[in-house]
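Inspection log for the structure reproduced underneath, given as structure tokens.
The values are calculated or read from the model by the stated rules, or taken from the named source; none is laboratory data. The model shown is predicted, which means the values in this text are computed figures rather than measured ones. Note that we place each Cβ from the backbone using ideal geometry, even for glycine, and neighbour counts take in every protein chain shown.
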Amino acid sequence: MDMRPIGVFDSGLGGLTAVRALRQILPEEQLIYFGDTARVPYGGRSRETILKYARQDVRFLRSFDLKAILIACGTVTTTSLETLQAENPLPIVGVVEPTCRRALLVTKNKKVGIIATLASIRSGAYEAVLRRLDPSVEVLGKPCPLFVPLVENGRFRPGDVVIETVAREYLEPLKAAGIDTLILGCTHYPLLTEIIRDVMGPEVTLVSAGEESAFELKRLLKAGGLRAEEGAHCGGADFYVSDQPEDFERIASVFLQENIRYAARRIDIDQY
Ligand code: DGL
């Protein structure tokens with residue numbers, strides 16, 4: 001048993017999709033979330049810059065005594081996971097491998113689409129893992145660079161003509177290609193689930209990177225004897241951001257819909 005908190009980070013709000021899943025499947029765990037809202041989005045930046053930012057994010061989180069870190073960000077996972085794992089002596093889980101495993105379990109026609117940030121698609125990481133796990137799978141990747149800025153600006157609700165137009169432009173080619181499974185390879189994208197489902201139709205299964213990584217973390221904690229005492233108390237979540245907290249708090253409370261403390265504290269990420 002290990003009562004220390006789990007660190008979770010993303011470039012901004014997207015990692016809340018993993019937090020939501022963690023709160024459901026590991027309610028007794030204490031979470032410390034960092035959203036790098038001063039520097040979001042990461043997805044259009046170079047690998048070197050993303051790694052530099054990710055190292056600072058991890059250094060900040062490790063100023064707490066953590067038992068594990070969940071990289072709730074597709075962009076950081078696809079570009080920096082191995083480096084961060086090699087540099088830090090604690091379990092670090094990313095989103096790519098668990099998400100690919102789930103996609104291969106649900107696809108029937110073996111045509112899997114991936115939508116993610118430009119950096120993630122350019123890295124080829126999702127595609128490489130899918131092909132390693134099943135060489136016969138057909139993979140179609142599509143970067144969706146406007147999704148993250150729109151979500152961060154609160155433009156993720158059905159009926160919003162801007163996000164719906166952008167979604168149709170990105171997604172219709174994937175639908176036309178006949179995929180039956182679509183990986184939401186950026187943790188911001190599950191906030192667009194309804195809009196994406198509307199374009200893709202009910203016959204395409206959506207797989208969320210945030211959720212699958214939460215299940216992976218649960219397995220890892222269990223295997224390592226690192227779970228908090230089950231049922232003993234309800235863990236909480238502390239939120240930190242690198243820019244003004246108000247916008248984050250507003251969207252977090254809508255999204256998490258849970259009675260936890262949303263107050264986010266601002267930190268200076270350049271100090272780390
Ligand atoms: N949530 C991040 C991801 O999963 C968004 C990246 C970005 O900041 O562009 O890729």
Hey, does segment 250-261 have a residue that's within 20 Å of the chain's Cα centre (by Cα), β-branched (Val, Ile, Thr) and modelled with pLDDT of 95 or more?
-> no
Residue in segment 217-231 that is of a type in the set (A, V, I, L, M, F, W, C), in contact with a Lys or Arg (Cβ under 8 Å, 6 or more places away or on another chain) and within 14 Å of the ligand (Cβ to nearest atom) present | no
Restricting attention to segment 178-216, report how many residues are farther than 14 Å from Arg102 by Cβ, in a helix (DSSP H, G or I) and under 17 Å from the mean Cα position of the chain (by Cα).
-> 5
Within segment 46-67, the count of residues that are more than 15 Å from the ligand (Cβ to nearest atom) and among the hydroxyl-bearing types (Ser, Thr, Tyr) comes to 1
Which one is surrounded by the fewest Cβ atoms within 10 Å (Cβ to Cβ) among residues in segment 135-190 that are over 21 Å from Thr205 (Cβ atoms) and β-branched (Val, Ile, Thr)?
-> Val161
Within segment 1-22, track down each residue that is away from the ligand (no atom under 14 Å from the Cβ) and touching a strand residue (DSSP E or B) at 6+ places or on another chain (Cβ under 7 Å).
-> Pro5, Ile6, Gly7, Leu22
